[in-house]
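All of the numbers you see were taken from the coordinates with simple rules; none came from a lab. Bear in mind that the values here come from a model prediction, so they are computed numbers and not experimental data. Using ideal geometry, Cβ is built from the backbone for each residue, glycine included, and neighbour counts are taken over all protein chains shown.
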Amino acid sequence: MSSEAGKRSAADPGPCQELAERMLSLAMRAGADGAEVLVRDGAELEVKLRMDEPELVKEAGSRGLGLRVLKDERVAVTYTSDFAPDAMRAFAAESVALSGLAEPDPLAALPDREEMARTIPDLDLWDESVLSLDVAEAMRWCRVGEAAARKFDMRVTNSDGASFGRGIGASAFASSAGFSGAYRGSHVSFIVEPVCDDADGKKRNGYHFTSSRSVDGLQAAESVGIEAARRTVAKLGARKLDTCQVPAVFTPEVGRSLLGRFAGVISGGAVWRKSTYLAEREGTQVASPLVTIVDDPLLPRAPGSRPYDGEGLAARPNVVVSEGVLRTFLCDVYAGRKLGRKSTGSAGRGLGGGPHVSTSNFILRPGRASAEEIARLDRGLLVTELMGFGFNPVTGDFSQGAGGFWIEKGERAFAVSEITIAVNFDDLWKGVDAIASDLDTRSSVQCPTFRVAKVTVAGT
């Protein structure tokens, strides 16, 4: 199959849905009491250039099918990429037989029929022009972006490269609980990663990226390169700090990391496993009254949008935190049954696994002030990067390496590196005293700049 034909095939959800329905029928005929089938067909292109020389060109396509069968309250989850008729029949029979080796689990039953999605909204997740992005065009983006970064400042002496990626795909899901649906999506991204030499011989690296469902949603290659270089050069001369307690302003990139960790502790799966410090906190204050967090899968063109969840339930927005109060945990059907409640339509799944709780577009609602306004501190820290791991979801204790800028009298005084930020997650979110309007929508975890009244900064 030609590259162009492969792209067209991956962009068509019709064959995926037909394949899912065929496998569902085979599984039921093989003796399953219930079954779910997920089919994904995709194609991707990745190109990387470093110091104006091509370093990677990768173009690939894949199609796979995941099957979950239930028999006598026992579950088996299997995967195949062999779609020959005889192979599919054998696969269905083997999957049903495999379920006999599992322990019974009544809560693992399929959703009730009345819970299944009845319509599939069009969320505008597909851009036809993505199909025209070939290796030559991807390489052009990389050359323009890296050249702009290297020209920005003579102190940009090296590069970790510029990378352009394009992905397209179709997904279909069919369930014996009474659902069959399919949709397609596209995604493009571009990143530039310059390197500077500091006066003490240390290398300072930085990056900037753009991503979108559509080609016209991307920032221009030259402007990405310039912003990447600006951010990297700004790190030159970075110093350590004396240990102190000060206000901290978190940029959207860093805030996204913190918000992503919060997504893990409001999962119904974490609640019933008692692996979150919020397990008994529903209906109580868990953050500042300024904080409202939603999970919204129905935003047009957004990175994490989906018309239905991983179990065929209708996707819907969920308000997780409203004015600081924890309103709900996100649940798939299994977590909901464990907690004695209904699913919030928050199931995700991969081809080789069963359903699990997931987020879609997980968003900290922006405020009205500008990022510059909330960073005007007499004395404090602007955090622009976090490094390493240091979060305990059971206790909420958080400690992580960081870098950024020291603020004096409302201005950036100097770059900061080799520090550690420590704060309990409960205190962090309750300590939010300002949220900016600059919501970053480039990824499925979306965050504006926000400020926390006090964190401990460990330095020299």
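The separation of the stretch 269-303 from the stretch 86-122, counted between C-alpha centres, amounts to 29 Å.
How large is the dipole of the stretch 3-225 about the Cα centre if only Lys and Arg carry +1 and Asp and Glu carry -1, each at its Cβ, rounded to the nearest 20 debye?
Numbers: 26 positive and 38 negative charges, 52 e Å.
Dipole of the stretch 3-225, to the nearest 20 debye: 240 debye.
Mind giving me the FRET efficiency for R118 and V394? R0 is 35 Å, r the Cβ-Cβ distance, nearest 0.05 is fine.
For R0 = 35 Å, the calculated efficiency reads 0.35.
Report summary: the helix-based calculation at 222 nm, which adds -39500 (n - 2.57) for every DSSP H run with n ≥ 4 and divides by the residues of the chain, gives -7000 deg cm²/dmol.
In plain terms, the chain from Q245 to T157 could stretch by 28.1 nm, reckoned as 0.36 nm per residue minus the Cα-Cα distance. The residue list T344, G312, A102 was ranked by how far each Cα lies along the charge dipole of the chain toward its positive end, using unit charges on Cβ atoms, and T344 comes out on top. Simple spin-label estimate for E280 and E323 gives 2.7 nm between the two label positions (7 Å along the Cα-to-Cβ direction from each Cα). Computing volume of the Cα convex hull per residue in Å³ for the structure here picks out one of (1) 151; (2) 241; (3) 133, namely (1).
When a footprinting reagent is the concern and you count Cβ atoms within 10 Å, what order do S129, S417, S163 take, fewest first?
S129, S417, S163
Each label point was placed 7 Å from the Cα along the Cα-to-Cβ direction; for A458 and D197 their separation is 3.4 nm.
For the stretch 111-165, which trypsin sites (Lys or Arg not before Pro) pass both filters: DSSP loop (anything but H, G, I, E, B) and at most 10 other C-beta atoms within 10 Å? Working shown, then result.
Numbers: sites: R113, R118, R140, R143, R150, K151, R155; in loops: R118, R155.
Here the trypsin sites (Lys or Arg not before Pro) that fit, given the DSSP loop and packing criteria, are R118.
Kindly list the residues of the stretch 202-229 that lie in the label zone of M387, defined by a backbone N under 20 Å from the point 7 Å along the Cα-to-C-beta vector. Label zone hits: 202-209, 228-229.
If you rank F209, F190, F389 by fewest surrounding Cβ atoms within 10 Å, what's the result? Spell out each step's value before the answer.
Details: F209 19, F190 26, F389 8.
In increasing order of surrounding Cβ atoms, one gets F389, F209, F190.
Taking 0.36 nm per residue of sequence separation and subtracting the Cα-Cα distance, how much length would be gained by fully extending the chain between D72 and S257, in nm to one decimal? Walk me through the intermediate numbers first.
Details: separation 185, 0.36 × 185 = 66.60 nm, distance 4.20 nm.
Working it through step by step, the gained length comes to 62.4 nm.
Tell me, which longest segment in the chain has none of the GluC sites (Glu not before Pro) that fall in DSSP loops with at most 15 further Cβ atoms within 10 Å? With a cap of 15 other Cβ atoms within 10 Å, the longest stretch comes to 74-279.
Please arrange F83, F398, F414 by how many other C-beta atoms lie within 10 Å of their C-beta, fewest to most.
Working: F83 16, F398 21, F414 13.
Going from least to most buried by this count: F414, F83, F398.
Here the Karplus curve 6.51 cos²θ - 1.76 cosθ + 1.60, taken at θ = phi - 60°, turns the phi angles of the stretch 228-242 into couplings of 4, 5, 4, 5, 6, 4, 5, 7, 5, x, 4, 10, 7, 10, 6 Hz, with x standing for Gly and Pro. Backbone geometry of the stretch 367-382 corresponds, through the Karplus equation with coefficients 6.51, -1.76 and 1.60 at θ = phi - 60°, to 3J(HN,Hα) couplings of x, 10, 6, 7, 4, 5, 4, 6, 8, 7, 10, 5, 7, x, 10, 9 Hz, x marking Gly and Pro. Cross-linked pairs K202/K430; K48/K203; K240/K274; K48/K430; K58/K274; K151/K454: Cα-Cα separations exceed 31 Å for K202/K430; K240/K274; K48/K430; K58/K274; K151/K454.
How large is the dipole of the chain about the Cα centre if only Lys and Arg carry +1 and Asp and Glu carry -1, each at its Cβ, rounded to the nearest 20 debye?
Working: 55 positive and 62 negative charges, 133 e Å.
For the chain, the charge dipole is close to 640 debye.
For the stretch 238-460, a crude dipole built from +1 on the beta carbon of Lys and Arg and -1 on the beta carbon of Asp and Glu, taken about the Cα centre, is about 560 debye to the nearest 20. Listed values for the stretch 320-333 are Karplus-derived 3J(HN,Hα) couplings in whole Hz (6.51 cos²θ - 1.76 cosθ + 1.60, θ = phi - 60°), namely 8, 10, 10, 6, x, 9, 6, 8, 7, 9, 7, 9, 8, 5, and x replaces Gly and Pro.
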